[in-house]
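Step one of this worksheet: look at the structure below.
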Amino acid sequence: MILELDFWLMIVLIMFAILALEVKDLLAAVGVLTGYSFLIALLFSALGAPDVALTEAALGAALTGVLLLASLTFMNRNSKD
Amino acid sequence: MTVEFLQGHYPYVLVIVLLLIGLYGMTLKGNLLKKLIGMTIFQTSIYLFFIQGAVKTNATIPVFSPELGPGAENYMNPLPQVIVLTAIVVGVAITGVALSLLLVTQQRYGTIEEDEILEQMRQAE
Amino acid sequence: MSQTPVLIPALLLLSALFSLLFGLRSARLGHLVAVLGVLGSFLTAVAGAFGVITGGEAIRYAMGGWIPPIGIELVLDHLSVFMTLLITFIGLVVIVYAPRSLHFEAPGKAAFAWPAIVLLLAGLSGVSLTGDLFNLYVFLEISALAAYALLAIGGKAAPVATLRYLIVGAAGGGFYLLGVGFLYFTAGTVNMADLASRLPELVENRAVVSAALLLVLGLALKMALFPMHFWLPDVYTHAPSAVSGMIAPIMTKVSAYAIIRLFLDVFPPGYFTEALPIASTIGWLSAAGIVYGSVLAVAQHDYRRMLAYSSVGQIAYVGLGIGLANPIGLIGGLLHMVNHALMKSVLFLIGGAIRLRTGVTRIPDMKGLGRSMPWTMATFAIAALAMVGIPPTAGFFSKWYLLLGTIEAGNAWWFGVILISSLLSGVYFFRVVEMIYRDPAVDPAEREEADAAGRERPPLQPGGEPPASLLGPILILGVAILAVGIFNVLIVGALLTHAVAPLGG
Amino acid sequence: MRILGFVLIVVLGVVLVWGIGDLPERGDPQAPAPTHVASYYIENALDDSNTPNFVTAVLADYRAYDTFGEAVVVVTAALACLLILLRRREDEVEVEEESR
Amino acid sequence: MTGRFESVFLDVVTRAMVPLIQVFAFYIITHGHYSPGGGFQGGVMLAASIILLRIALGEESYRRFPREAGIWIAGVATLLFTLLGFVSILFGGNFLEYAYVVPGMDAVELRYWGIFFAEVFIGFLVWGALVAIYDALVTGGVEA
């Protein structure tokens, strides 16, 4: 059961990663990246690492997102590629 | 590349796909913030590699439970998890410093597109 | 149990934290604490060197009392004591030099710069001392983060250049970490000594091959081995002189040291030379890098940019020592680390002194400085001689050992590369020496021409000698270049021959 | 340049996929990694430090030096951000006085 | 991001939430021995509570948690961690060997408390450092 879950989660992760890189709107890219980090935290907890999942959710998803948004307020939202 | 190989190793293959996507974002994207997003994906894929390696079949999370007793085969491997914990914090620290560099760049050049910055640097010389 | 190994990084970290807290009240107090901490650490390293040389074997320190491989181990052996001495000595000299220069080039940053400099040194010495692959990564990142901050406080383009460096450094760190992961999952440990005992059964394992490639690739990115050097010239050019004078000498060397450590002490003997062509690849890339760096250095007009390209060439000498993979060649590479550190540090510091006194950074504007700054320029001449490799100076001996190594390896190409590069160093340094001992430009027409071209004016009356806090460190480094040259037999005999013993010399 | 980058990334990917072939299977309890050092932690953490959470025991006791280094990394990052983004006027006043 | 949003609802919810978040964060820090969590996770939560204050209350939050406080907390906590390492050297152990921190106490008990204090110091330093990073970033890189 767990094995199937992690296979599909990883496929979704790869799609999120491509999306985060290819979206032209940086705000949307940051949003997708936060979703990506949250999914990866989910995957960590599915693989039996709750400590790491908690850290990734707190640091990777929440804090990195906040820091990226805080610096994005000073920048142009649109990216060339 | 047989089926047996994929049964035991498919998580690693997917991790490497993720790693290459991150590497692509880091090196070939022109927008500096996109480069940082690529860097984050690259780092997370390495964490995922360690966590996949820490998995043991028929084992539970690495917290002692009286029902299972002290047998080493009952718990996931704690050492890679500790390594990843440390690496996550290091990764966020790098991202924070990178963002502050990005802000100063934005202030001095008015843009975060690499080609425009290079153009301005060439004109200054 | 002797506490020496842990005291070297821990004293630095302690003084960095005190320096940070005191620095919030007064930057001068912060500087004083930083100097004391680096001094204490240097003296500890000297004591450790005596302990290792008289004891004749490595001091192993089990962190937290846990016997390795359960806990983390620090190893103070001939190689790491050599590196820590180098790091703390350069750090001590530069941190004494730094206040006036840094205030001039990056005003208002002092209070946070002192703890960052000490943290940089702590990270580098931690890398040198550790006996654990993952711990090496953690300390490598400490030093990298401190270096990013210090390099970014320079001129207009410094943050962009540093951001590129940061991305390359993060990629390097990531590859290194991935390599550690491959090794851990095949061998089951991250302790260097334990790995060395477990790897010989796994030489055929493809995962170990990938691990070796990834570790070397990651460290080579951080070491700026040609063609992965592209981030380096911009970074060194735009950083403050005092920072370049500390980071250029020791930062890339520590990555090279880590490669040497992997080569000698972790992977089985012959793994990098016979099983995989890693050493010879590094050697050939280094040979290309030596030629490339020297040629581009000749083409530069900016003093600091010239030094940066010269650094690309000079770090490749260390890589050439690795590529030779025989004891005498590796001794040459290691000896070149200390020689190049002293020479490049003093050259950057002189650049900072010139900039403080006259505001000049371009080589054609340096006319007449030989007359107004005689002591500084005499030191410059010594450093230039050492870069070329003229006998009484330090630079000669490392090249001599490297040449002997190429003869032993029977590689005529590398022999030629060393000779050609020495010639090119002669070209670009004697160009500067000629310029500074020429009469100053007082022709008004030339000043107007410079104004029209938008360059900085050639100064009418260049300032005199820099203040004592700048001149003292410069002279000490100048004397050290001569002293290392004269006493190089001692260094080689007491430290380096033991360090390369695993090669079987 | 772009094509070269793609080629290098693909080459790296091929090398890595080739390399993982010899890694132990995911989840194999008899692989070297879970049997060598890691089993010591699981079997002794409770007796050594009375800590049921093995991750905490390894993080803060067996490999405390790593955690210490990581703490320093976080402080270094904070310091780096302050150094890059802010400047302090009082420093300048102080150095002016010094040079007088 | 420093500007205050004019919303009574947000204001009230923030004032009510922040103490709860902080209590939960302290629970996470101190229960690292028994359940997933520890200094890093709890420290991030503490930092998040302060960042929430910054976003919701604007200028008032700087009176509650001054700008300089972040780096002070981080520096002092790391210093205490370092000194914890040095104390064991003083009593004949190695660096960070908790079993030697207090002479005469049982080694297992000492390691337990050593881990506890290490986690607490880590929690505080992560809190301070992350708030300092956030405060520096919201200035937008203002250099004189």
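Kindly evaluate C:ALA62 against the criterion of being under 22 Å from D:ALA64 (Cβ atoms), open to solvent by 10 Å² or more (accessible area, probe 1.4 Å) and either more than 9 Å from chain D (Cβ to nearest Cβ) or β-branched (Val, Ile, Thr) (or both).
yes
For segment D:36-46, indicate whether the set of residues that are outside any loop (DSSP other than H, G, I, E, B) and more than 7 Å from every other protein chain (Cβ to nearest Cβ) is non-empty.
Yes, segment D:36-46 contains at least one residue that is outside any loop (DSSP other than H, G, I, E, B) and more than 7 Å from every other protein chain (Cβ to nearest Cβ).
Among B:PHE5, B:PHE42, which is the only one that is open to solvent by 20 Å² or more (accessible area, probe 1.4 Å) and either more than 10 Å from chain D (Cβ to nearest Cβ) or over 18 Å from A:TRP8 (Cα atoms) (or both)?
B:PHE5
Which condition number does C:LYS253 fail, the rest of (1) open to solvent by 10 Å² or more (accessible area, probe 1.4 Å); (2) part of a helix (DSSP H, G or I) being met?
Failing condition for C:LYS253: (1).
Among the residues of segment C:65-87 satisfying the criterion of being within 14 Å of chain E (Cβ to nearest Cβ) and small (Gly, Ala, Ser), which is farthest from the chain's Cα centre (by Cα)?
In this case the residue turns out to be C:GLY65.
A quick yes/no check of all residues on (1) among the basic types (Lys, Arg); (2) buried (at least 21 other Cβ atoms within 10 Å of the Cβ); (3) within 21 Å of E:ALA129 (Cα to Cα); (4) at pLDDT 90 or above:
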site: A:ALA29; (1), (2), (3), (4): no, yes, no, yes
site: A:LEU42; (1), (2), (3), (4): no, no, no, yes
site: A:GLY48; (1), (2), (3), (4): no, yes, no, no
site: A:THR55; (1), (2), (3), (4): no, yes, yes, yes
site: A:GLY65; (1), (2), (3), (4): no, no, yes, yes
site: A:LEU68; (1), (2), (3), (4): no, yes, yes, yes
site: A:ASP81; (1), (2), (3), (4): no, no, no, no
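Would it be correct to say that B:PRO78 is open to solvent by less than 10 Å² (accessible area, probe 1.4 Å), at pLDDT 90 or above, closer than 30 Å to D:ILE42 by Cβ and facing chain D (nearest Cβ under 8 Å)?
yes
Scan segment C:365-376 residue by residue and report those that are assigned to a helix (DSSP H, G or I) and crowded, with 21+ Cβ neighbours inside 10 Å.
Listed by number, the residues that qualify are C:ASP365, C:MET366, C:LEU369, C:GLY370, C:THR376.
Which number in (1) touching a Ser or Thr at 6+ places or on another chain (Cβ under 9 Å); (2) touching a residue at least 60 places away in the same chain (Cβ under 8 Å); (3) open to solvent by 40 Å² or more (accessible area, probe 1.4 Å) marks the one condition that E:THR30 misses?
Every listed condition holds for E:THR30 apart from (1).
Filter segment C:296-322 down to the residues that are open to solvent by 10 Å² or more (accessible area, probe 1.4 Å) and in a helix (DSSP H, G or I) and list them by number.
Those that are open to solvent by 10 Å² or more (accessible area, probe 1.4 Å) and in a helix (DSSP H, G or I): C:LEU296, C:VAL298, C:ALA299, C:ARG304, C:ARG305, C:TYR309.
Taking B:LEU36 as meeting all but one of (1) buried (at least 24 other Cβ atoms within 10 Å of the Cβ); (2) without any contact (Cβ under 8 Å) to a residue 60 or more places away in the chain; (3) more than 9 Å from chain D (Cβ to nearest Cβ), write down the number of the exception.
Failing condition for B:LEU36: (2).
For segment C:204-213, check the following and say yes or no: at least one residue is farther than 28 Å from C:LEU419 by Cα, of a type in the set (Asp, Glu) and assigned to a loop (DSSP other than H, G, I, E, B).
Within segment C:204-213 (the criterion being farther than 28 Å from C:LEU419 by Cα, of a type in the set (Asp, Glu) and assigned to a loop (DSSP other than H, G, I, E, B)), the answer is yes, since at least one residue qualifies.
Could you say whether any residue in segment E:125-143 is of a type in the set (Ser, Thr, Tyr), assigned to a helix (DSSP H, G or I), under 21 Å from E:THR30 (Cα atoms) and at pLDDT 90 or above?
no
From (1) in a loop (DSSP other than H, G, I, E, B); (2) more than 18 Å from E:ASP135 (Cβ to Cβ); (3) open to solvent by 40 Å² or more (accessible area, probe 1.4 Å), pick out the condition that doesn't hold for E:LEU20.
Here E:LEU20 meets the rest and fails (1).
Conditions tested, residue by residue: (1) out of contact with any Phe, Trp or Tyr (no Cβ under 9 Å at 6 or more places or on another chain); (2) away from chain D (no Cβ under 11 Å).
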{"site": "B:PRO11", "(1), (2)": "no, no"}
{"site": "B:GLY30", "(1), (2)": "yes, no"}
{"site": "B:THR60", "(1), (2)": "no, yes"}
{"site": "B:ALA98", "(1), (2)": "no, no"}
{"site": "B:GLN107", "(1), (2)": "no, no"}
{"site": "B:ASP115", "(1), (2)": "yes, yes"}
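Right, C:SER280: free of Cβ contacts under 8 Å to residues at least 60 places away in the same chain, open to solvent by less than 10 Å² (accessible area, probe 1.4 Å) and not in a loop (DSSP other than H, G, I, E, B) or not?
No; evaluated as a whole, the condition is false for this residue.
The values are calculated or read from the model by the stated rules, or taken from the named source; none is laboratory data. Bear in mind that the values here come from a model prediction, so they are computed numbers and not experimental data. Note that we place each Cβ from the backbone using ideal geometry, even for glycine, and neighbour counts take in every protein chain shown. Quick note on the areas: whole protein, heavy atoms, side chains included, nothing else; ligands and nucleic acids left out. Shrake-Rupley method; radii C 1.70, N 1.55, O 1.52, S 1.80 Å.
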